[in-house]
1. Please find, within the range 51-81, the residue that is surrounded by the most Cβ atoms within 10 Å (Cβ to Cβ) out of those that are within 25 Å of Asn99 (Cβ to Cβ) and hydrophobic (A, V, I, L, M, F, W, C).
2. Would you say Arg301 is part of a helix (DSSP H, G or I) and over 23 Å from the mean Cα position of the chain (by Cα)?
3. Residue pairs, Cβ under 6 Å, 6 or more apart or interchain, first in the range 218-232 and in a strand (DSSP E or B), second within 11 Å of the ligand (Cβ to nearest atom) and among the hydrophobic types (A, V, I, L, M, F, W, C). List them.
4. Of everything in the range 198-215 that's in contact with a Phe, Trp or Tyr (Cβ under 7 Å, 6 or more places away or on another chain) and either at negative phi or charged (D, E, K, R) (or both), which residue is surrounded by the fewest Cβ atoms within 10 Å (Cβ to Cβ)?
5. Filter the range 210-245 down to the residues that are within 25 Å of Asn267 (Cβ to Cβ) and of a type in the set (S, T, N, Q), then identify the one that is nearest to the ligand (Cβ to nearest atom).
6. Within the range 147-167, which residues are within 16 Å of the ligand (Cβ to nearest atom), touching a helix residue (DSSP H, G or I) at 6+ places or on another chain (Cβ under 7 Å) and part of a loop (DSSP other than H, G, I, E, B)?
7. Filter the range 140-169 down to the residues that are within 21 Å of Val216 (Cα to Cα) and among the hydroxyl-bearing types (Ser, Thr, Tyr), then identify the one that is farthest from the chain's Cα centre (by Cα).
8. Could you list, in sequence order, all residues of the range 169-198 that are within 14 Å of the ligand (Cβ to nearest atom) and either more than 27 Å from Pro230 (Cα to Cα) or in contact (Cβ under 8 Å) with a residue 40 or more places away in the chain (or both)?
Amino acid sequence: MTRKDLEELDNQDPLKQFRTEFKIPEGILYFDGNSLGALPYATVDRVNEVILDEWGAKLITSWNSSGWYSLSETIGNKIAKLIGADDGEIVCVDGTGLNINKVHAVALKMRADRKVIVMEGSTFPTDVYITQGLIDQLEQNHKIRFVEKNEILDAITEDVALVSLTHVHYKTGHLLDMKTITQKAHEAGALVVWDLSHSAGVLPIELNQCNVDFAVGCTYKFLNGGPGSPGYLFVGKRHQGKQIQPLTGWWSHEQPFAFEQNYRPKNDIGQFLSGTQSIIALAAAEVGIDMVLRADLAFVRKKSVALGDIFIRLIQEHLADYELSLVTPINSAHRGSQISLRSPHGFPIIQALKDVGVIGDFRSPDNMRFGFAPLYTRYTDLWDAVKKLKVIMENDTWRAERFNIPTDVT
Ligand SMILES: Cc1ncc(COP(=O)(O)O)c(C=O)c1O
């Protein structure tokens with residue numbers, strides 16, 4: 001494979017126009033859209049509009065006249081189109097962790113006679129920490145049954161209340177089989193929660209076809225919503241209006257502006273709101289989501305798979321002499337949109353790459369992640385990054401002291 005072959009793929013790429021809509025600095029090869037998506041130019045205009053025209057000029061009247069009051073639901077309905085849900089099943093609100101707290105609390109109430117929660121032990125820690133906090137708060141002897149990916153199905157026994165999994169694993173990039181696992185959980189009488197943080201917007205998802213009960217996710221990765229942009233949660237219609245989520249703030253009250261003394265829950269997805277959201281952050285997130293809505297997710301997935309396959313091949317062809325082992329499944333049917341490589345020197349290698357304009361990231365203890373965002377990652381970026389990585393490995397550049405200084409965010 002040559003660079004020319006990859007140039008040809010870029011020329012034929014049906015998604016290539018999207019890249020022009022993002023601000024990607026000259027000379028930067030960006031492989032971290034799985035952690036923080038790039039900035040759409042349209043976000044700048046929209047945020048300016050919200051600040052100057054809606055907040056600045058219309059002031060508080062914008063809650064009614066600019067659609068602020070229902071923005072969480074409006075954006076939720078857009079996200080629904082990306083992940084196979086219906087109108088009225090998603091709100092874009094709070095953060096992923098808080099949303100996990102809400103849906104886990106409801107799911108555990110719905111299966112009050114069962115005490116086991118199945119989770120991957122190596123999953124993104126906040127999913128576990130939040131669950132441990134909830135267990136502590138409930139004081140009902142719930143237990144997390146930690147398993148790894150090949151043990152999940154066997155772990156779903158008749159004592160399980162809830163199976164809570166990340167669709168694409170943050171570190172390894174492996175993709176779980178949503179349909180089979182959800183079905184197995186239901187056969188055992190359990191409920192499921194899927195964390196879609198690493199899959200929404202980069203591969204087709206069919207929540208309702210898979211009969212999923214609850215889901216959560218964030219908008220700052222492949223949905224390009226901006227740093228710290230709001231999360232979202234999905235509650236299947238059949239589960240709404242039954243159990244009350246515990247963060248019973250006034251926005252989840254049947255009539256917030258009646259200012260009644262006692263709580264009366266909304267009976268729809270609105271019960272999963274809690275309080276006032278950052279409208280500026282929601283507006284920025286909406287722009288990123290609108291962009292993904294314009295793309296055909298079948299094309300996005302096809303390109304994502306091709307980018308992953310080519311990256312693996314280039315690593316094998318050009319870097320076989322170095323201690324870089326593939327963590328992500330080689331079979332594209334079992335992976336999301338990132339490739340992770342393991343190296344005992346992963347941290348300084350990632351720093352040395354950043355120094356030459358190649359941005360990936362590091363996840364302790366030895367995992368180097370390279371994410372592919374098909375709306376702006378080019379095929380030639382793969383070639384150029386692998387060439388730069390080769391120079392770093394050949395020259396041992398990563399050994400320099402400055403690349404071995406710990407940073408807060410890795
Ligand atoms: C799978 C997964 N869940 C949750 C989060 C983060 O949650 P929050 O948005 O609450 O910080 C991440 C962050 O990368 C993640 O990868």
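The values are calculated or read from the model by the stated rules, or taken from the named source; none is laboratory data. Remember, it's a predicted structure, so these values are computed and weren't measured experimentally. With ideal geometry, Cβ positions are generated from the backbone for all residues, glycine too; neighbour counts draw on all protein chains shown.
1. Looking at the filtered set, the residue picked out is Ile79.
2. no
3. Pairs that qualify, where the first residue is in a strand (DSSP E or B) and the partner is within 11 Å of the ligand (Cβ to nearest atom) and among the hydrophobic types (A, V, I, L, M, F, W, C), are Gly231/Cys218.
4. Ranking the candidates gives Leu207 first.
5. Filtering the range 210-245 for residues that are within 25 Å of Asn267 (Cβ to Cβ) and of a type in the set (S, T, N, Q), the one nearest to the ligand (Cβ to nearest atom) comes out as Gln245.
6. His167
7. Ser164
8. Narrowing the range 169-198 to residues within 14 Å of the ligand (Cβ to nearest atom): 169-176, 193-198.
Hits for the range 169-198 are His169, Tyr170, Lys171, Thr172, Gly173, His174, Leu175, Val193, Asp195, Leu196, Ser197, His198.
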